[in-house]
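Step one of this worksheet: look at the structure below.
FYI, it's all coordinate maths here, none of it is from the lab. Everything numeric here is computed off the predicted structure, so don't read it as measured data. Note that we place each Cβ from the backbone using ideal geometry, even for glycine, and neighbour counts take in every protein chain shown.
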Amino acid sequence: MHHRALGTSGLSFAPIVLGCNVFGWTTDEATSLSLLSAFVERGFSCIDTADVYSTWVAGHRGGESEQMIGRWLKHGGQRDKIIIATKVGMQMPEGKGLSAPHILHSVEGSLKRLGTDYIDLYQAHIDDSATPFEETLEAFMQLLKSGKVRAIGASNFIAPRLAEALGVAKEKALAAFVSLQPNYSLVTRSLYEGELQRLCIRENLGVIPYYALAAGFLTGKYRKESDIKGRARTETIGRFFNPRGLQILSAMDKIAARLDASVAQIALAWVLAQPGITAPIVSATSLMQLDEILGAAEIALDADALDMLDKASA
């Protein structure tokens, strides 16, 4: 399987990243652990989590996803076979943001929960305009020098702010972000395409988009509003029920039938075919779903398919 490099980090992995946001939320522990094992057995390696997963679940404090990964490692999951990406910056019981004290405190919590002595990719989960980039990057640099972190990335940054962060790193000889995690899919193109995409390509940043299946809308499972009643992400999916969203599904149906693939596989193959993309982050709640998702790495969309999807999603 072809591995893709993550910017200048020296990290490279198969072109699907397993999103662990569902662990302990819509996926129980036994399923979560079996998903991790199956993912690695299939030759994939990069998993993405965050300290904040899953504070939105009643009774959770955050760190639940990291703890499950830690338990998987403890019960025989091989640390050297995986690339762990986690994040800092969202509201946790003890604070939020990208100040040096918060980063240095949070990393210890993540390392402890994960049961590891290093994080492969530590990401700023959101931009924090209240903290100067110099302070944030100095804290990250400290972690890189101590070996607690191997590379740093950004998530949810807009182009001017990402450019500013990269500029500060260069000017002050500090650690620089090697990756970006944007919200990007066939139904959500404008947040990444254009200025941000050009910046990532120009600066050789790895791009690992989340919501590549638009919270499940691009799996084709939800065709009308009534299909999503009572789902975990009703609000998110509901936003895509419009003429454009349905037009995209219709184009994907045709291509999926022609290529003997599933609709979800077409959505992921489209993301993988876009300039600058390293690998989409996708979560699965069952082994059957995981198999389907990983199959997307083998699908190459031809020019006709790409053109059809471009027009439908324009």
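Annotations
- Dipole of the chain [Lys/Arg +1, Asp/Glu -1 at C-beta], most positive-end residue of 176, 98, 30: 30
- For the stretch 47-61, 3J(HN,Hα) per residue [Karplus equation, 6.51 cos²θ - 1.76 cosθ + 1.60, θ = phi - 60°, Hz, x = Gly/Pro]: 10, 10, 9, 7, 4, 6, 7, 10, 4, 7, 8, 3, x, 8, 10
- Between residue 135 and residue 55, the C-beta separation translates, for a Förster distance of 22 Å, into a calculated FRET efficiency of about 0.35.
- Residue order for 102, 75, fewest other beta carbons within 10 angstrom first, comes to 75, 102.
- Remark: 96, 74 ranked as 74, 96, counting other beta-carbon atoms within 10 Å and listing the fewest first.
- Quotient of the Cα radius of gyration of the stretch 35-93 and 2.2 N^0.38 Å, N being its number of residues: 1.20.
- Within the chain, percent of DSSP bridges classed antiparallel, to nearest 5: 10
- In order along the stretch 179-189, the phi-based Karplus estimate (6.51 cos²θ - 1.76 cosθ + 1.60, θ = phi - 60°) of 3J(HN,Hα) comes to 8, 9, 10, x, 7, 8, 6, 4, 8, 10, 9 Hz; Gly and Pro are listed as x.
- Taking only Cα atoms of the chain, radius of gyration then Dmax in Å: 18.9, 54
- Close Lys pairs in the stretch 75-223 (alpha-carbon distance under 23 Å; sequence gap of 8 or more, or different chains): 16.
- In terms of its alpha-carbon gyration tensor, the stretch 1-104 comes out oblate; a/c meets the 1.5 threshold, while b/c is at least as large as a/b.
- Extending 7 Å from Cα along the Cβ direction at residue 302 and again at residue 242 yields two label points whose distance is 3.3 nm.
- Ordering of 240-246, 8-14, 47-53 by burial proxy (mean other Cβ atoms within 10 Å per residue, highest first): 47-53, 8-14, 240-246
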